[in-house]
Structure formats: structure tokens, C-alpha cells
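See structure below.
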Amino acid sequence: MSRLLISAAHKSSGKTTVSLGLCAALAERGLAVQPFKKGPDYIDPMWLGQAAGRPCHNLDFYCMSQEEILTAVGHYSSDADIALIEGNKGLYDGLDLEGSNSNAALATLTRTPVILVLDARGMTRGIAPLILGYQSFDPDVSIAGVILNQLGGSRHEAKLRAVIEHYTDVPVIGGVHRDPALVIDERHLGLIPSNEAATADKKIGTIRDLIREQVDIDRLLAQAGQEPISFKAPEPVPQHDSAAVRIGIAHDAAFGFYYPDDIAALQEAGAELVYFNTLTDATLPEIDGLFIGGGFPESYLHTLEANASLRAAIHSAIAAGLPAYAECGGLMYLSRSLSWNGNRADMVGVIPGDAVMHARPQGRGYVRLRETAGAPWPSQHPEGEFAAHEFHYSALENISEPLTYAYEVLRGSGVDGKHDGIVINNLLACYSHMRDTEQHHWARRFVEFARQMRG
């Protein structure tokens, strides 16, 4: 099981671009490449998965136990030639003083060598003490090579290679020159998702070709870790005698934030997934439950508004008691209206409030939630606490009636700084994004709730 972890000295060093270029270049060789992304993220994994040709899975110390992380890496890589893990932030950055949830901790846990992507702009001789410091800071971390990024030209590259060769024993795996063709357009949450980019495959191909030309792929593969890791087999899936529960999932350019593990967990819980398009479909399919994930509804607010028949169908279904779950962008869509950059559009109108976009994030980072008596789904954890994450620029304003909340916010922002999880009829709508993990199997709870309501 070959493995590499792509990290950096700090965020915005270009590791996502390099990682997806490597995924595509390795897949082009006929290798089965299993991508992973550290931390909570939807957009980077979309690109990595499209580049590799198989779903990218997230590894997150905050929401997953170490055993779960090892199981995910071992299980999803079992039929792959190489696993490529893209880190987040810098190699040693983390939530606590010990760096217990850092990229370095992940590399140590999974026994994976690290390739450092270094933004070399403005650097010459100073790159050597940087590399030496990263090597000596934690001897348990194997820095197997560096890829120089944002190089100013061949002369700049030659200087840096000479310095690194003279002062360190770390191999230079590649040197990537500054090139606008390597840039993926961004918006307020980061890269534009690949499900929105009409030319995503072409863009990935361009990045693949540039990375292949400037990175020694054979040398990269030679640095990959081969040490076996011990992991527990995934839990057996409970069997259900009744017919599959049909769960409708909004999946289009406006809503695309879904973790592959959660989708699989819904299916394992007995759900038949029925996808629909909020931008073009006139009505809902025949379903027993509804899931509207996150995304960028603000970028499509007038198209969403124009599809009045679907908005009316969703409103009627939730009013009639259809079990529904919405996260972030889904919550915004179910609100009374959505406003952004001076534009306002009517939304579904189930939630008695207006979603208003702001210039700065209104909630960002990890959250911790505690269930209240208002939580609608069958309870499966006695303590009622679990971890999640949020990243939203919108806030729910002008709330016109008292709301019931499923969660008390112990850490994070949620809807009002104290609560999250709006409960209306059989709808649960959160700003927080949940992961289906051992500490909170939300997918099976939602499917079971839909099964109970179906009767």
C-alpha cells in the first residue's frame, strides 16, 4: 500500500494544485490512485476525486478517532496502487500546542512519507534552514522530498536546487514555475467546485501536463511509503427487511457539498438515493425523505427563484411532514429569501427568516453540538454531544417566529451563536455540516426516522 502525504510550510502554497496534478499524472500512467484530504473540506476533494477518477475521502482528527482514520486509509486504499493524502494548512499547524491533529500527526499515525510543497517566491539560500528546521522539529516525521513551487524561472530553480543539495539531504522532486494556467478560479469559500466548472476536465488536463513536465514522477513514486498499517475492518452493515427508503438528494451546480462516506452511510442504512436538480427539475421525485446539502445557492439565487414550481413542491412536502435534512446552503434555500451583493430572491419559505450574505464569515471552523429535547431523530448516543464543522458567510436574519432547535452550540456559531438545527415539522436544518462517524451516525438515524414516518 504505497502512500504519500503532500503538505507545505504554510497554507496557500499551491499544494492542492500540485496534488491534483499528481493524481491526474499518476492515473494517466494507469495507476489506481486513491486521494484523501485532511480536515473538513468539500471543494478540494471534488477536484482531487475528479483528477484521480475515484472519490476522495476526508481524514479528520476532530470528527474521527485514530482507529477510524486508519480504517479509512486502509479500506479505501486496499485496491489502489498508491494513496495520495493532501494536507491542510502547514505541516506542523494544528489546534493545540502538541499538534495532535496536524498533518505531521497524520503522517506519523499512517506511517506516510511527506512531500513538502514550498512556495519559493522571494527565496534563495534561506530555503535550506527552512527545510532543516522542518526535518529536525519532529524526527518521527519522514520528509521524503520537496517540490518547489511558484519558481520565477530556470535561474531561480537552479539556485534553489544547488542550495538544497549543498545543505540538506532532502531530494528535490520537482520545480513548478509560476504559470497562470495552473490557477483555478476562486470565490469566497475557496476554489470554484469542479461540479460548477464547465471546463473542469480540461483544466485538470492542463495542470496534469504542467506538473508531469516539471515533477519527476518516477522519483516521487520511489519515495512512497510501503510500511503496512494495521486497521480494523469496517463494521458490518445492518440488514433491513423493509423496502429501501427513497431519499431525494439535491445535486447540481448550486448544491454539491456531500461527503462520499455520508452518501455510502445512507445507502448502507437502507436508503435508495434519488438525485434531483433544483435548477431545472419542476417537481420532486417520489421520495420518503429529502436531503439538501451545502453549496453556493447565492451564485444561483435568481435561477433558484425562477424555479417556482419546485420551490412550491418542496414547501408543500415539508409542510405535509416529509422528513428532511438540510445543511448550510440547504438551510439558506429553505429560508424565506436569500440576499447577496444587493440582489434578493425568494426561496422555499419553510424557515421564517431571511438568509443574508455578509462580507466576512459568520461561522467558520469546528463546532461542537449537544442535542436538545427538540432533536427529531431516534437517539443513538446517550451523551448527546458530537463534533461537526461550519463555514458560512450568511446569517439568518428577521426571524419572525419562535424556533425550536435540535442542538445547543458548545463551540461555534450555528444559527444564533447558541443554537443550531432548526426543527420545523419533520425538517432539521443546520448551518453545521455533520460527518457520519462513530461519534455521530447521523445517516442511519435520518434513514430510520424516514422509515418510521413512512410507516
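Checked against (1) of a type in the set (Gly, Ala, Ser); (2) closer than 22 Å to residue 437 by Cα; (3) surrounded by 23 or more Cβ atoms within 10 Å (Cβ to Cβ), residue 94 passes all but a single condition, namely (3). Scanning region 416-439 for residues that are without any contact (Cβ under 8 Å) to a residue 60 or more places away in the chain and buried (at least 24 other Cβ atoms within 10 Å of the Cβ) turns up 420, 421. When 286, 272 are screened for being outside any strand (DSSP E or B) and either in contact with a Pro (Cβ under 6 Å, 6 or more places away or on another chain) or not aromatic (Phe, Trp, Tyr) (or both), only 286 passes.
Can you spot a residue in region 366-377 that is charged (D, E, K, R) and within 27 Å of residue 304 (Cα to Cα)? Within region 366-377, none of the residues are charged (D, E, K, R) and within 27 Å of residue 304 (Cα to Cα).
If you go through region 292-327 and keep only what is surrounded by fewer than 16 Cβ atoms within 10 Å (Cβ to Cβ) and more than 20 Å from residue 354 (Cβ to Cβ), you end up with 309, 316, 320, 321. If residue 55 meets every condition in (1) closer than 16 Å to residue 260 by Cβ; (2) assigned to a helix (DSSP H, G or I) apart from one, which number is that one? Of the numbered conditions (1) closer than 16 Å to residue 260 by Cβ; (2) assigned to a helix (DSSP H, G or I), the odd one out for residue 55 is (2).
Yes or no, residue by residue, for (1) modelled with pLDDT under 95; (2) of a type in the set (A, V, I, L, M, F, W, C); (3) part of a strand (DSSP E or B); (4) within 28 Å of the chain's Cα centre (by Cα):
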| position | (1), (2), (3), (4) |
| --- | --- |
| 305 | no, no, no, yes |
| 310 | no, yes, no, yes |
| 313 | no, yes, no, no |
| 316 | no, no, no, no |
| 321 | no, no, no, no |
| 325 | no, no, yes, yes |
| 333 | no, no, no, yes |
| 337 | no, no, yes, yes |
| 353 | no, no, yes, yes |
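Exactly one residue out of 19, 7, 100, 13 is touching a residue at least 60 places away in the same chain (Cβ under 8 Å), out of contact with any helix residue (DSSP H, G or I) (no Cβ under 7 Å at 6 or more places or on another chain) and not hydrophobic (A, V, I, L, M, F, W, C), and it is 13.
The values are calculated or read from the model by the stated rules, or taken from the named source; none is laboratory data. The model shown is predicted, which means the values in this text are computed figures rather than measured ones. With ideal geometry, Cβ positions are generated from the backbone for all residues, glycine too; neighbour counts draw on all protein chains shown.
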